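The values are calculated or read from the model by the stated rules, or taken from the named source; none is laboratory data. What you are looking at is a predicted structure, and each value in this text was computed from that prediction instead of being measured. Using ideal geometry, Cβ is built from the backbone for each residue, glycine included, and neighbour counts are taken over all protein chains shown. Each accessible area value is taken on the protein alone, full model and side chains, heavy atoms only, with ligands, DNA and RNA left out. Shrake-Rupley method; radii C 1.70, N 1.55, O 1.52, S 1.80 Å.
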Amino acid sequence: QVRLVESGGGLVQAGGSLRLSCVVSGSIFSINAMGWYRQAPGKQRVLVATISGGGSTNYADSVKGRFTISRDNAKKTVYLQMNSLKPEDTAVYYCSAEILGFGSVRYSDYWGQGTQVTVSS
């Protein structure tokens, strides 16, 4: 069974920083792309940042220059460093990963349970 567990969320003042982590565990053969998404109250879940298996990154325009995504393949962990946080960054942040499990023939998308980030003005 594959699990993704996020941590690092919390309450921070505008201009502050947080670092989110997401650890993947379970019967895993390979991890391809990993990413972070967020969902604000009453809104749809949207992409924040992704990182490919080779390390290429992609960011939403709203976070470019402020957020940095990275991964540690040995630890099966993806990170999101969030700087210069704004109240509009308030949301539940979810990590996602494309995973090939042992015995599987294709990659499947898995999601974590989410971690709350609240930025006060």
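Below are the figures for this structure:
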| item | result |
| --- | --- |
| Where labels lie 7 Å past Cα in the beta-carbon direction, separation of residue 56 and residue 13 in nm | 4.1 |
| Reach of residue 64 by Cα under 17 Å, taken over lysines that are not fewer than 8 positions away in the same chain | 86 |
| Among 82, 60, 92 - extreme Cα towards positive end, dipole of the range 47-121, charges at beta-carbon | 82 |
| Net charge dipole size for the chain [Lys, Arg +1 and Asp, Glu -1 on Cβ; Debye, nearest 20] | 60 |
| Ordering of 113-120, 33-40 by burial proxy (mean other Cβ atoms within 10 Å per residue, highest first) | 33-40, 113-120 |
| The chain - accessible surface per residue (Å², probe 1.4 Å) | 54 |
| Whichever aspartates and glutamates have a C-alpha closer than 19 Å to that of residue 76, once near sequence neighbours (fewer than 8 apart) are set aside | 6, 98, 109 |
